[in-house]
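Q: Could you have a look at this structure, given as structure tokens, before my questions?
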Amino acid sequence: MVLTTEWQLLSHPVLSRFQHELWVCQLNSPDPHVSGNKALKLKYPLQQALKEKKAGILTPGGAFSNHLVATAAACAQLGLSSVGLVRTDQLDQHNPSLKLCLQLGMQLIAVSRESYRQRDTPEWQQHWQQQFSDFLWVPEGGTCDAAVRAVSEFPLGQTPAGQADWLISAVGSGGTLAGLIRGAGPASVVGIQVVKDSGLRDKISRLAGNVTNHWQLQQALHLPGYGKTDRKLWDFCCGIKEQGIMLEPIYTGKALYSLLQLIEQGQLSVGRRLSFFHTGGLQGLAGLAYCGLIPSTDSGQ
Ligand SMILES: Cc1ncc(COP(=O)(O)O)c(C=O)c1O
């Protein structure tokens, strides 16, 4: 899959005040549903599935998962099948993300929340692998060592103006940040954690491997929690859109908003070049509008 990077210099009063230069890096493929960190995280599993002549990819995800949609789209492009194990009691035919997965040819299977909690255990994976023995297993969010390797190879630090001092990304399952840490070179890394997960720091350290790069994990600040948004955050995303950068409030919008708060609190030294990874996920806007969390006219879908 051919990937293209697009860099944009962001202006914001907080950045000017603290003399920071902030570059937003968008990573696109010809398919709009395979962008950002998903395009990287799926790269090697897709190659492996093709090389080993697998029927396709088998993977779990939430009912509005960006990862499921990206997997469905990438598999469809490459002539692979895809199966999504969806954390839900019942498949909602009107859910825009699930509708998209189905349109892209993904087979969806509803998995109760209770069962889904076991998703990282070998027993749970074996259970599903036995039913889809010809499929390659990809963990939730696409986070696996191959994904970390692909992200580590991505030159997020090399902005059009030169080497960045800080690399910044939203953090969910941790694979993206682990890759950025592994490949950071001279830059430091800041992850903005948008989920509650006390084990995330250890998981990221483990995934990143034996690295000595400087990195930190910050909880997204003063916001309503994972999968939630509020008017202030949505207004922030709409404001950034005026500069031609579309964000969604669950990952990229929340992370950028929180980053500006951290800067305002003086938590990053003044006058630095920052590189913010736009990790994609714009398909999620339709789901937020469907759930009434943002105005439907604003979803851009
Ligand atoms: C749009 C978007 N950004 C960031 C992330 C976080 O990436 P990771 O799960 O690798 O931490 C995700 C996760 O799934 C995502 O969908």
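Q: Keeping all protein chains in position, work out how much accessible area Cys291 exposes to a 1.4 Å probe, and write it in Å² to the nearest 10.
A: Surface open to solvent at Cys291 totals about 70 Å².
Q: Let me ask another. At q = 0.08, 0.10, 0.16 Å⁻¹, work out log10 I(q)/I(0) for the chain with the Debye formula, treating every Cα as an identical point scatterer and leaving solvent out; two decimals please.
A: -0.33, -0.52, -1.38
Q: Given the stretch 213-284, report the % of alpha carbon pairs whose separation exceeds 15 Å.
A: 57
Q: Please compute the net charge surrounding Asn95, taking Lys and Arg as +1 and Asp and Glu as -1 over other residues with Cβ under 15 Å from its Cβ.
A: 0
Q: What residue among Val195, Ile181, Trp137 has its Cα farthest toward the positive end of the dipole of the stretch 99-236, where the charges are +1 on Lys, Arg and -1 on Asp, Glu, each on the Cβ?
A: Farthest towards the positive pole: Val195.
Q: Residues with amide H under 5 Å of Gln219's amide H, sequence separation 5 or more or different chain, H placed in the peptide plane at 1.01 Å from N; which?
A: Gln193
Q: With a 1.4 Å probe and all protein chains kept in place, how much accessible area does Tyr226 have, in Å² rounded to the nearest 10?
A: 110
Q: Tell me what the chain gives for mean residue ellipticity at 222 nm when only DSSP H runs of n ≥ 4 count, each as -39,500 (n - 2.57), the sum divided by the residue total, rounded to 500 deg cm²/dmol.
A: Details: 13 runs with 111 residues, N = 301.
My calculation for the chain gives -10000 deg cm²/dmol from helical runs alone.
Q: I want to make sure I understand the PRE zone here: with the label point 7 angstrom from the Cα of Asn210 toward its beta carbon, which residues in the stretch 163-196 have backbone N atoms less than 12 Å away?
A: Counting only backbone N, you get no residues.
Q: Just the number, please: percent antiparallel of the DSSP beta bridges in the chain, rounded to the nearest 5.
A: 20
Q: Any chance you could run the full-extension gain for Arg17 through Glu242? It's 0.36 nm times the residue separation minus the Cα-Cα distance, nm to one decimal.
A: Stretched out fully, the Arg17 to Glu242 stretch lengthens by 79.0 nm.
Q: Each residue of the stretch 148-153 in turn: what ³J(HN,Hα) in whole Hz from Karplus with 6.51, -1.76, 1.60 and θ = phi - 60°, glycine and Pro shown as x?
A: These are the phi-based 3J(HN,Hα) values: 4, 4, 4, 5, 5, 7 Hz.
Q: Next up: Could you list which residues have their amide H under 5 Å from that of Gly62, counting only those 5 or more apart in sequence or on another chain, with H placed in the peptide plane?
A: Arg87
Q: Using only Cα atoms, find the angle between the long axis of helix 122-131 and the longest principal axis of the chain, and express it within 0 to 90 degrees, rounded to the nearest 10.
A: Between helix and principal axis, roughly 50 degrees.
Q: With θ set to phi - 60°, apply the Karplus curve 6.51 cos²θ - 1.76 cosθ + 1.60 along the stretch 42-52 and write out the HN-Hα couplings as whole Hz, x wherever there is a Gly or Pro.
A: 8, 3, 6, x, 5, 4, 5, 4, 5, 4, 8
Q: Could you compute the FRET efficiency for Ala161 and Asp134, with r as their C-beta to C-beta distance and R0 at 41 Å, rounded to 0.05?
A: Efficiency for this residue pair is about 0.30.
Q: Also, I was wondering about something else. How big is the Kirkwood radius of the stretch 43-137, worked out from every pair of different alpha carbons and given in Å to one decimal? Working shown, then result.
A: Values: mean 1/r = 0.0753 Å⁻¹.
Its Kirkwood hydrodynamic radius stands at 13.3 Å.
Q: Let me check I've understood the local charge: for Ala208, count other residues with C-beta under 15 angstrom from its C-beta, Lys and Arg +1, Asp and Glu -1. What total comes out?
A: Spelling it out: positives minus negatives among the neighbours equals +3.
Q: Please report, as a whole percent, how much of the solvent-accessible surface of the stretch 43-137 comes from carbon and sulfur atoms (probe radius 1.4 Å).
A: In the stretch 43-137, the share of accessible area belonging to carbon and sulfur is 45 percent.
Q: Restricting attention to the stretch 34-127, which GluC sites (Glu not before Pro) occupy a DSSP loop and are surrounded by at most 10 other Cβ atoms within 10 Å? Write down the numbers at each step before the final one.
A: Details: sites: Glu52, Glu114, Glu123; in loops: Glu52.
Here the GluC sites (Glu not before Pro) that fit, given the DSSP loop and packing criteria, are Glu52.
Q: Evaluate the distance, in nm, between pseudo-label points positioned 7 Å from the Cα of Glu123 and of Lys51 along their respective Cα→Cβ axes.
A: 3.3
Q: In whole Hz and in residue order, list the ³J(HN,Hα) couplings for the stretch 201-215 that follow from phi through the Karplus curve 6.51 cos²θ - 1.76 cosθ + 1.60, θ = phi - 60°; x for Gly and Pro.
A: Per-residue couplings from phi come out as 4, 5, 4, 5, 4, 5, 5, 5, x, 7, 10, 10, 4, 7, 8 Hz.
Q: Another question, if that's okay. Place a +1 charge on the Cβ of each Lys and Arg in the chain and a -1 charge on the Cβ of each Asp and Glu, then give the dipole magnitude about the Cα centre in debye, rounded to the nearest 20.
A: Charge dipole, the chain, about its Cα centre: 280 debye, nearest 20.
Q: Can you tally the net charge around Pro186? Count Lys and Arg as +1, Asp and Glu as -1, for every other residue whose Cβ sits under 13 Å from the Cβ of Pro186.
A: +1
Q: Sticking with this one: Give the aspartates and glutamates reachable from Lys54 as a straight Cα distance under 14 Å; neighbours fewer than 8 places away on the same chain don't count.
A: Hits, sequence-local ones excluded: Asp134.
Q: Over the residues of the stretch 86-152, compute the C-alpha Rg and express it relative to 2.2 N^0.38 Å.
A: Details: Rg = 13.5 Å, N = 67, 2.2 N^0.38 = 10.9 Å.
For the stretch 86-152, the normalised Cα radius of gyration is 1.25.
The values are calculated or read from the model by the stated rules, or taken from the named source; none is laboratory data. These numbers were taken from a predicted model, which means no experiment stands behind them. All Cβ positions, glycine included, derive from the backbone under ideal geometry; neighbour counts span all protein chains shown. For accessibility, only protein heavy atoms count, side chains too; no ligands or nucleic acids. Shrake-Rupley method; radii C 1.70, N 1.55, O 1.52, S 1.80 Å.
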